[in-house]
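Participant: Before I ask anything, here is the structure I am working with.
The values are calculated or read from the model by the stated rules, or taken from the named source; none is laboratory data. The structure presented is a predicted model; accordingly, all values stated were derived computationally and were not measured. Note: ideal-geometry Cβ built from the backbone for every residue, glycine included; neighbour counts use all protein chains shown. The accessibility values were calculated without ligands, DNA or RNA, using every heavy atom of the protein model including side chains. Shrake-Rupley method; radii C 1.70, N 1.55, O 1.52, S 1.80 Å.
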Amino acid sequence: MYSASDLRKNLKIQIDGAPYVIVDFSFTKPGKGQALYRCKLKNMINGTQFERTYRSVDTFEPADLKEKKMQYLYEEDGKYCFMDTETYEQVYLSGDQVGDATNFLSDNLDAEILFFGEEPIGVTLPNFVDLTVTVAEPWSKGDSVTGKSKPIVVETGYSLQAPPFIEEGEKIRIDTRTGEYLTRVKE
(Lines give C-alpha, C1' and ligand atoms only; values in the text may rest on other atoms or scores of the structure.)
Protein backbone atom coordinates (compact mmCIF):
# COMPACT_ATOMS: atom_id res chain seq x y z
CA MET A 1 0.00 0.00 0.00
CA TYR A 2 1.09 3.54 -0.77
CA SER A 3 0.45 6.45 1.56
CA ALA A 4 -0.21 9.99 0.35
CA SER A 5 3.43 10.91 1.07
CA ASP A 6 4.51 8.31 -1.55
CA LEU A 7 2.60 10.08 -4.34
CA ARG A 8 4.74 11.43 -7.19
CA LYS A 9 4.57 11.97 -10.93
CA ASN A 10 4.29 8.75 -13.02
CA LEU A 11 3.33 6.60 -10.01
CA LYS A 12 0.74 3.98 -10.99
CA ILE A 13 -2.05 3.35 -8.48
CA GLN A 14 -5.39 1.55 -8.47
CA ILE A 15 -8.61 3.46 -7.72
CA ASP A 16 -12.02 1.75 -7.77
CA GLY A 17 -10.55 -1.27 -9.57
CA ALA A 18 -8.96 0.71 -12.42
CA PRO A 19 -5.30 1.63 -13.02
CA TYR A 20 -4.35 5.31 -12.93
CA VAL A 21 -1.07 7.12 -13.50
CA ILE A 22 -0.29 10.41 -11.76
CA VAL A 23 0.26 12.98 -14.52
CA ASP A 24 0.85 16.02 -12.31
CA PHE A 25 1.43 16.41 -8.59
CA SER A 26 1.73 19.20 -6.03
CA PHE A 27 2.12 19.31 -2.27
CA THR A 28 0.59 22.03 -0.07
CA LYS A 29 1.01 22.50 3.67
CA PRO A 30 -1.44 25.11 4.93
CA GLY A 31 -0.69 27.05 8.12
CA LYS A 32 -2.85 24.79 10.21
CA GLY A 33 -4.43 21.46 9.43
CA GLN A 34 -3.25 18.51 7.39
CA ALA A 35 -0.99 18.57 4.35
CA LEU A 36 -2.77 18.35 0.99
CA TYR A 37 -1.61 16.36 -2.03
CA ARG A 38 -3.14 17.57 -5.31
CA CYS A 39 -2.94 15.04 -8.14
CA LYS A 40 -3.96 15.01 -11.76
CA LEU A 41 -4.78 11.37 -12.56
CA LYS A 42 -5.14 9.65 -15.92
CA ASN A 43 -7.05 6.40 -16.40
CA MET A 44 -4.65 3.99 -18.13
CA ILE A 45 -7.46 2.10 -19.87
CA ASN A 46 -9.69 4.82 -21.37
CA GLY A 47 -7.45 7.91 -21.02
CA THR A 48 -9.87 10.07 -19.01
CA GLN A 49 -8.25 12.60 -16.67
CA PHE A 50 -9.39 14.28 -13.48
CA GLU A 51 -7.94 16.15 -10.52
CA ARG A 52 -8.28 15.05 -6.94
CA THR A 53 -6.92 16.24 -3.59
CA TYR A 54 -5.79 13.78 -0.93
CA ARG A 55 -4.86 14.17 2.75
CA SER A 56 -1.81 12.65 4.40
CA VAL A 57 -3.89 9.85 5.98
CA ASP A 58 -5.15 8.49 2.62
CA THR A 59 -3.74 5.19 1.33
CA PHE A 60 -3.61 3.71 -2.17
CA GLU A 61 -3.31 0.27 -3.65
CA PRO A 62 -0.54 -0.26 -6.22
CA ALA A 63 -1.86 -1.00 -9.72
CA ASP A 64 -1.55 -4.68 -10.72
CA LEU A 65 0.55 -3.99 -13.82
CA LYS A 66 2.90 -6.36 -15.64
CA GLU A 67 4.94 -5.96 -18.79
CA LYS A 68 5.49 -8.87 -21.15
CA LYS A 69 7.80 -8.96 -24.16
CA MET A 70 5.77 -9.71 -27.28
CA GLN A 71 6.21 -9.50 -31.04
CA TYR A 72 4.09 -7.35 -33.37
CA LEU A 73 2.45 -9.41 -36.11
CA TYR A 74 -0.13 -7.41 -38.07
CA GLU A 75 -2.94 -4.82 -38.06
CA GLU A 76 -6.49 -5.75 -39.02
CA ASP A 77 -9.60 -3.54 -38.80
CA GLY A 78 -7.93 -1.09 -36.40
CA LYS A 79 -6.73 -3.86 -34.05
CA TYR A 80 -3.03 -4.55 -33.60
CA CYS A 81 -2.00 -8.16 -33.00
CA PHE A 82 0.94 -9.04 -30.74
CA MET A 83 2.21 -12.56 -29.98
CA ASP A 84 3.99 -13.96 -26.93
CA THR A 85 7.10 -15.60 -28.40
CA GLU A 86 7.18 -18.29 -25.68
CA THR A 87 3.53 -19.40 -25.51
CA TYR A 88 2.40 -18.18 -28.97
CA GLU A 89 -0.61 -16.57 -27.28
CA GLN A 90 -1.96 -13.56 -29.22
CA VAL A 91 -3.45 -10.35 -27.83
CA TYR A 92 -5.06 -7.44 -29.64
CA LEU A 93 -4.72 -3.74 -28.82
CA SER A 94 -6.91 -0.97 -30.23
CA GLY A 95 -5.52 2.02 -32.10
CA ASP A 96 -6.14 4.20 -29.03
CA GLN A 97 -4.14 1.82 -26.83
CA VAL A 98 -1.24 1.70 -29.29
CA GLY A 99 -1.30 5.48 -29.89
CA ASP A 100 1.65 7.05 -31.72
CA ALA A 101 3.50 3.73 -31.66
CA THR A 102 1.62 2.88 -34.89
CA ASN A 103 4.13 5.13 -36.70
CA PHE A 104 6.95 2.70 -35.92
CA LEU A 105 5.33 -0.76 -35.91
CA SER A 106 6.95 -3.04 -38.47
CA ASP A 107 6.50 -6.80 -38.82
CA ASN A 108 8.15 -8.91 -36.11
CA LEU A 109 9.12 -5.88 -33.98
CA ASP A 110 9.65 -6.81 -30.31
CA ALA A 111 7.75 -4.58 -27.89
CA GLU A 112 6.71 -4.54 -24.23
CA ILE A 113 2.95 -4.98 -23.74
CA LEU A 114 1.53 -3.56 -20.51
CA PHE A 115 -1.12 -5.71 -18.81
CA PHE A 116 -3.56 -4.74 -16.07
CA GLY A 117 -4.40 -8.10 -14.57
CA GLU A 118 -4.92 -10.18 -17.73
CA GLU A 119 -6.07 -7.28 -19.94
CA PRO A 120 -3.56 -5.66 -22.35
CA ILE A 121 -3.74 -1.87 -22.03
CA GLY A 122 -0.66 -0.39 -23.72
CA VAL A 123 2.58 -0.87 -25.61
CA THR A 124 6.15 0.36 -25.11
CA LEU A 125 8.42 0.24 -28.14
CA PRO A 126 12.20 -0.04 -28.07
CA ASN A 127 13.87 3.41 -28.02
CA PHE A 128 15.19 2.97 -31.57
CA VAL A 129 13.74 1.22 -34.63
CA ASP A 130 15.25 0.61 -38.06
CA LEU A 131 12.86 1.29 -40.96
CA THR A 132 13.24 1.41 -44.75
CA VAL A 133 12.72 4.71 -46.59
CA THR A 134 9.96 4.37 -49.21
CA VAL A 135 9.66 7.98 -50.43
CA ALA A 136 12.54 10.48 -50.68
CA GLU A 137 13.09 13.27 -53.18
CA PRO A 138 16.40 12.98 -55.04
CA TRP A 139 19.12 15.38 -53.93
CA SER A 140 21.56 17.37 -55.98
CA LYS A 141 25.22 17.95 -55.25
CA GLY A 142 25.77 20.74 -52.76
CA ASP A 143 22.49 20.21 -50.87
CA SER A 144 24.34 18.79 -47.86
CA VAL A 145 26.44 21.93 -47.44
CA THR A 146 23.43 24.07 -46.51
CA GLY A 147 22.52 21.76 -43.61
CA LYS A 148 18.89 21.58 -44.70
CA SER A 149 16.65 18.57 -44.31
CA LYS A 150 13.98 17.10 -46.53
CA PRO A 151 10.75 15.21 -45.87
CA ILE A 152 10.87 11.43 -46.26
CA VAL A 153 8.37 8.61 -45.70
CA VAL A 154 9.26 5.24 -44.17
CA GLU A 155 7.65 1.81 -44.69
CA THR A 156 5.05 2.36 -41.96
CA GLY A 157 3.74 5.52 -43.65
CA TYR A 158 5.33 7.83 -41.07
CA SER A 159 6.87 10.99 -42.51
CA LEU A 160 9.77 12.86 -40.95
CA GLN A 161 12.64 15.21 -41.74
CA ALA A 162 16.00 13.70 -42.70
CA PRO A 163 19.29 14.90 -44.22
CA PRO A 164 19.16 15.46 -47.99
CA PHE A 165 21.52 12.54 -48.79
CA ILE A 166 18.97 9.92 -47.60
CA GLU A 167 17.58 7.97 -50.58
CA GLU A 168 14.71 5.55 -51.19
CA GLY A 169 15.45 1.98 -50.17
CA GLU A 170 17.92 2.91 -47.41
CA LYS A 171 17.42 1.76 -43.83
CA ILE A 172 17.44 4.50 -41.22
CA ARG A 173 17.30 4.48 -37.42
CA ILE A 174 14.51 6.51 -35.78
CA ASP A 175 14.14 7.48 -32.11
CA THR A 176 10.62 6.29 -31.15
CA ARG A 177 10.44 8.75 -28.22
CA THR A 178 10.86 11.85 -30.41
CA GLY A 179 10.09 10.50 -33.89
CA GLU A 180 13.33 12.00 -35.25
CA TYR A 181 15.92 10.64 -37.67
CA LEU A 182 19.13 9.44 -36.00
CA THR A 183 21.40 7.76 -38.54
CA ARG A 184 21.67 5.51 -41.57
CA VAL A 185 21.88 1.78 -40.87
CA LYS A 186 24.46 -0.24 -42.75
CA GLU A 187 23.39 -3.81 -43.43
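Participant: Using only C-alpha positions, report the orientation-averaged shadow area of the convex hull of region 86-187, nm², one decimal.
Facilitator: Value for region 86-187: 7.8 nm².
Participant: Considering the Cα positions of region 1-108, please state its Rg to one decimal place and its Dmax as a whole number of Å.
Facilitator: 18.2, 59
Participant: A follow-up question, please. FRET efficiency for residue 65 and residue 8, Cβ-Cβ distance as r, R0 = 22 Å, nearest 0.05?
Facilitator: Plugging the Cβ-Cβ distance into 1/(1 + (r/R0)^6) gives 0.85.
Participant: State which entries of 40/66; 12/66; 79/171; 9/68; 150/171 exceed 19 angstrom in Cα-Cα distance in the structure shown.
Facilitator: 40/66; 79/171; 9/68
Participant: Give me the dipole magnitude in Debye, nearest 20, for region 52-142 about the Cα centre, with unit charges on the beta carbon: positive for Lys and Arg, negative for Asp and Glu.
Facilitator: The dipole of region 52-142 has a size of about 420 debye.
Participant: How large is the helix-only mean residue ellipticity at 222 nm for the chain, computed as the sum of -39500 (n - 2.57) over DSSP H runs with n ≥ 4, divided by its residue count, in deg cm²/dmol to the nearest 500?
Facilitator: One gets -500 deg cm²/dmol as the mean residue ellipticity at 222 nm.
Participant: Right, here's the next one. On average, how much accessible surface per residue is there in the chain, in Å², for a 1.4 Å probe, leaving out ligands, DNA and RNA?
Facilitator: 60
Participant: What's the magnitude of the charge dipole for the chain around its Cα centre, counting Lys and Arg as +1 and Asp and Glu as -1 at the beta-carbon? Answer in Debye, nearest 20.
Facilitator: 1340
Participant: Could you work out the equivalent-ellipsoid semi-axes for region 67-116, taking the square root of 5 times each eigenvalue of the Cα gyration tensor, largest first, in whole Å?
Facilitator: The three semi-axes for region 67-116 are 16, 12, 10 Å.
Participant: Can you figure out the FRET efficiency of residue 79 with residue 168, using R₀ = 22 Å and their beta-carbon distance, to the nearest 0.05?
Facilitator: With R0 = 22 Å, the Cβ-Cβ based efficiency is 0.15.
Participant: On the accessible surface of the chain, probed at 1.4 Å, how many percent belong to carbon and sulfur atoms?
Facilitator: Percent of accessible area from carbon and sulfur atoms in the chain: 45.
Participant: Picking from 19, 94, 5, whose Cα lies most toward the positive end of the charge dipole for the chain (charges on Cβ: Lys, Arg +1; Asp, Glu -1)?
Facilitator: Positive-end residue among those listed: 5.
Participant: Please report, in whole Å, how far the alpha carbons of the chain spread along each principal axis, starting with the longest.
Facilitator: Rounded to whole Å, the extents work out to 71, 45, 26 Å.
Participant: Something else about it: Which of 131, 62, 36 sits closest to the plus end of the dipole of region 24-135, meaning its Cα is farthest towards the positive end, when Lys and Arg get +1 and Asp and Glu get -1 on the C-beta?
Facilitator: Looking along the dipole axis, the top candidate is 36.
Participant: Against the 2.2 N^0.38 Å scaling, with N counting residues, where does region 20-81 land? I'd like the Cα-based Rg ratio to two decimal places.
Facilitator: Compactness ratio reported: 1.70.
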